[in-house]
1. Could you count how many residues in region 247-293 are modelled with pLDDT of 90 or more and not assigned by TED's automatic domain parsing to the domain that holds Phe191?
2. The conditions are (1) at pLDDT below 90; (2) farther than 16 Å from Glu20 by Cβ; (3) among the hydroxyl-bearing types (Ser, Thr, Tyr), and Ser163 fails exactly one of them. Which is it?
3. Across region 78-113, what is the number of residues that are assigned to a helix (DSSP H, G or I) and within 27 Å of the chain's Cα centre (by Cα)?
4. Which ones in region 114-139 are more than 14 Å from the chain's Cα centre (by Cα) and either surrounded by 15 or more Cβ atoms within 10 Å (Cβ to Cβ) or at pLDDT below 90 (or both)?
5. Search region 68-92 for residues that are under 18 Å from Ile44 (Cα atoms) and pair each with any residue that is surrounded by 11 or more Cβ atoms within 10 Å (Cβ to Cβ) and of a type outside the set (Phe, Trp, Tyr) when their beta-carbon atoms are under 6 Å apart and the residues are at least 6 apart or on different chains.
6. Looking at Ile199, is it in a helix (DSSP H, G or I) and over 21 Å from the mean Cα position of the chain (by Cα)?
7. Looking for something modelled with pLDDT of 90 or more and in a helix (DSSP H, G or I) - is there at least one such residue anywhere in region 1-23?
Amino acid sequence: MEIDKDNLPFAKRYGFEPVEIPFQSDNIDHILRTELWNAFYIFIYRRLENAESYSKGTYRSLHQVLWIHFFKKALDDFPQYDYQFSDFIRQHIEKGTWYKVYEFFEFVFRNIEDGHTYQYLEFEDYVNGKLRANNSAYTLTGNKFIPVTNKAEINELKQTQSSAEQHGLTGIQEHLNSAIELLSQKPKPDFRNSIKESISMVEVISRIIEPTENTLGKALNKLDKHQKISGTLKAGFEKLYAYTNDKNGIRHALMDEQSVDFEDAKFFLIACSSFTNYLIEKAKKDNLLNSKK
């Protein structure tokens, strides 16, 4: 299946402009904030409205707990009407500092009890689904948001973008940008083709290192003549690349599996970026690359 790159502008398609790294590690964009507000409304407010034991006091009790114990506000400043506090929460989720939004949801999850009114696991699953769909760098587990994409991983992607630009490696830029775009494509990400594009980055640098051979093994052998790559490390790289090309590997079995998801595509994006960065640095030491700067 051919990759459809028509959704990328010319400059991004060929690496003249970088595609934005999709993982939201130190921010929450407008779409995800709206999704989180909807989650709160659906699983907290709507459940309260539909509960058999619902009363005005139920709202007041929930709101006062949040007002006093999370927002640390004076009780005598508590809003007179429920809708005022609802608006206050919505403003916090939609406009507040990103990490305070996550802290708010952690507090809510710690202080609700699963039962007739609140469905804790459904609420958690819903929030996690929205986090994944919007490429958040965090997931919710055990009342806490934990990182699934850290700064080191994001830095690998940025380093690939920077190195490819510096050395005029437009092929690597194109494949990296396409892999990122396909991973973050809305409304339906293309995980399989994102993986293919990630693998193609490694192929590009391999062909630069060893133009006469279209295999990673030959490229590593050439580097090994001067840089003496660890035999164990070299063998590990060769096996990983062989797996992606084997009849039972990524380009065959995995591409046909329905279970290919965000985690798979993210792993290959970061792993292949790291691998590409490694080979670029080795190639630089062996004077195989030209710098544009």
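The values are calculated or read from the model by the stated rules, or taken from the named source; none is laboratory data. Just so it is clear, the structure is predicted and the values come from calculations on it, not from any experiment. Reconstructed Cβ throughout: ideal geometry from the backbone, glycine too, with neighbour counts over all protein chains shown.
1. Total meeting the criteria: 0.
2. (1)
3. Taking region 78-113 as the starting set, the residues that turn out to be assigned to a helix (DSSP H, G or I) are 82-95, 98-110.
Still in the list and also within 27 Å of the chain's Cα centre (by Cα): 89-95, 98-110.
So the answer is 20.
4. Initial filter on region 114-139 (more than 14 Å from the chain's Cα centre (by Cα)): 114-127.
Passing the criteria: Asp114, Gly115, His116, Thr117, Tyr118, Gln119, Tyr120, Leu121, Phe123, Glu124, Tyr126, Val127.
5. Phe85/His63; Phe85/Pro79
6. Numbers: in a helix (DSSP H, G or I): yes; over 21 Å from the mean Cα position of the chain (by Cα): no.
When the stated conditions are applied, Ile199 does not pass them.
7. So in region 1-23, the residues modelled with pLDDT of 90 or more come out as none.
The answer is no; no qualifying residue exists.
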